[in-house]
Each structure stands twice: as C-alpha cells, then as structure tokens.
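Enquirer: Please read through the structure below; I'll follow up with questions.
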Amino acid sequence: MAKRIVKGPIRNKEKTKEKLLSAVGEILKTKGYKALKVNDIAAVSGVNKRLIYEYFGGVNELADAYIKQQDYWEVLKKLELPINATSSEDLVKDILKGQFDELHSNQELRKIMLWELSEKREILTEQVNERELNGEKIFQSLLDPHFGENANRFRAITALIIAGTYYLNLVQETNGTTFCGLDIKSDEGRNEIKNAIDFIVKKSFEG
C-alpha cells in the first residue's frame, strides 16, 4: 500500500516548526545563544514571528525544543545497542568514541555544550541530568557488575575520558586546534585520541 502523504495545515505546521528549529541552529552556529531573539529567528526562518508563540509558546520554549533534539544521548537512545559491540568493553569504546566524533561533527551541539557552561537554564540542567540517567543505566546494568569493588574507579576513568573529549572538541570552537602537540581537527590527531580511548578502556577491563 502506498504511503499516505499528509497535506494541508498539519503538514504545513510541521514544516514551519522545522524551519524555526533550523533557524535556531543556524543562529546558534553563527552568532551564539545570546543572539536567539524573536526577530532574528523570524528573519532567518522566513516565518512570521507570531508562529513562534503559536507553535512553541515563545523563544525560550523554541530553544528548549531545539536543545532536546540535539543531545548525543538522545540520538544514542534511538540506536540499537550495541552499535558494533560484541562485549561490554566494545560497547564502552563505541559509545565514548561515538560521542567524541558526534561532538566534533556537530557544531550546534558544541555551541549547546558551551551554553551549558555559561548559563544556568532549566532545560540545560535537565539535559545534564538526563545524560547522567542514561549513563547510569549502562553502569548499573553492565559495568558495575563487571568491575565489582572497582566499579567507582572505572566510573572515574570514564569521567576523565568524557571530560577530556568534551574539552578537546570545545577548545577547537574557541581558541585553537593543537593540544599536547596533536592537531585535534585532523584525522591523524583524532585517531590518536580514539586509539588512546581504546587503550585505556582495554587496560581497564584487563584489570
């Protein structure tokens, strides 16, 4: 049976919402979160600013809707896990390297991460807490049982890896591309980072 194509007001509303969300991303990439003003969003999207309020309730709610769809863990939840993994060790490697690559390739996500560090905002706090909950599920179901009494040590190792990959990606957004002599924008430099993640995780699982 041919797929039914939805026409009319519903389809137009969804297309308009997509334009507004895309406009938020474009402004975030080029001007930063402080430039998310109703007139600018309307101008970039080509949409009447009245529809921002009608469809989302306001600029803050529009920005919140945009933030929710950009988080790496939200994307990860939609994937069938494990990604390429045949073991808990491979799963951890895949997630950590996937997060490293996603933040590198997604400028909008990097801007959101910088936003998290710059402003206290309810939706950003919710995203941080949601990330923690998603990570906690993996720790409790797979990793804590494996590491036993050393579970907290592996959590600390994971925290250092994630914090490091965040920083390496965020620093390229602002003040440089070289860190410890590695060009973190080049394939060679980034592959060295991912090789280091593999090495650290492997050694951790070996005990």
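The values are calculated or read from the model by the stated rules, or taken from the named source; none is laboratory data. These numbers were taken from a predicted model, which means no experiment stands behind them. Neighbour counts run over all protein chains shown; Cβ positions are idealised from the backbone, glycine included. The accessibility values were calculated without ligands, DNA or RNA, using every heavy atom of the protein model including side chains. Shrake-Rupley method; radii C 1.70, N 1.55, O 1.52, S 1.80 Å.
Enquirer: Of the conditions (1) modelled with pLDDT under 85; (2) within 26 Å of residue 204 (Cα to Cα); (3) surrounded by 17 or more Cβ atoms within 10 Å (Cβ to Cβ), residue 71 satisfies every one except a single condition; which number is it?
Expert: With (1) modelled with pLDDT under 85; (2) within 26 Å of residue 204 (Cα to Cα); (3) surrounded by 17 or more Cβ atoms within 10 Å (Cβ to Cβ) applied to residue 71, the lone miss is (2).
Enquirer: Sticking with this structure for a sec: Does residue 34 satisfy the condition of being within 27 Å of residue 174 (Cα to Cα), at pLDDT below 90 and open to solvent by 90 Å² or more (accessible area, probe 1.4 Å)? Steps first, answer last, please.
Expert: Details: within 27 Å of residue 174 (Cα to Cα): yes; at pLDDT below 90: yes; open to solvent by 90 Å² or more (accessible area, probe 1.4 Å): yes.
So residue 34 passes the test.
Enquirer: Collect the residues in region 52-68 that are open to solvent by 30 Å² or more (accessible area, probe 1.4 Å) and in contact (Cβ under 8 Å) with a residue 24 or more places away in the chain, keeping them in residue-number order.
Expert: Matches in region 52-68: 55, 56, 64, 65, 68.
Enquirer: Would you tally the residues in region 90-118 being farther than 16 Å from residue 174 by Cβ and open to solvent by 40 Å² or more (accessible area, probe 1.4 Å)?
Expert: 5
Enquirer: I've got another one for you. May I ask you to list the residues in region 146-194 that are at pLDDT 90 or above, open to solvent by 90 Å² or more (accessible area, probe 1.4 Å) and not aromatic (Phe, Trp, Tyr)?
Expert: Residues satisfying the conditions are 146, 149, 152, 153, 160, 180, 187, 188, 192.
Results for (1) at pLDDT 90 or above; (2) under 14 Å from the mean Cα position of the chain (by Cα), shown as yes or no for each residue.
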{"residue": "8", "(1), (2)": "no, no"}
{"residue": "18", "(1), (2)": "yes, no"}
{"residue": "55", "(1), (2)": "yes, no"}
{"residue": "67", "(1), (2)": "no, yes"}
{"residue": "80", "(1), (2)": "no, no"}
{"residue": "97", "(1), (2)": "yes, yes"}
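Enquirer: Of all the residues that make up region 39-50, how many are in a helix (DSSP H, G or I), open to solvent by less than 30 Å² (accessible area, probe 1.4 Å) and in contact with a Ser or Thr (Cβ under 9 Å, 6 or more places away or on another chain)?
Expert: Within region 39-50, residues that are in a helix (DSSP H, G or I), open to solvent by less than 30 Å² (accessible area, probe 1.4 Å) and in contact with a Ser or Thr (Cβ under 9 Å, 6 or more places away or on another chain) number 1.
Enquirer: Can I ask one more? Pairs under 8 Å by beta carbon, first residue without any contact (Cβ under 8 Å) to a residue 12 or more places away in the chain in region 149-165, partner assigned to a helix (DSSP H, G or I), six or more apart or different chains?
Expert: Close Cβ pairs (under 8 Å, with a partner that is assigned to a helix (DSSP H, G or I)) amount to 153/147.
Enquirer: Regarding residue 149, is this residue closer than 19 Å to residue 65 by Cβ and of a type in the set (D, E, K, R)? Before the answer, list the steps.
Expert: Working: closer than 19 Å to residue 65 by Cβ: no; of a type in the set (D, E, K, R): yes.
It is false that residue 149 is closer than 19 Å to residue 65 by Cβ and of a type in the set (D, E, K, R).
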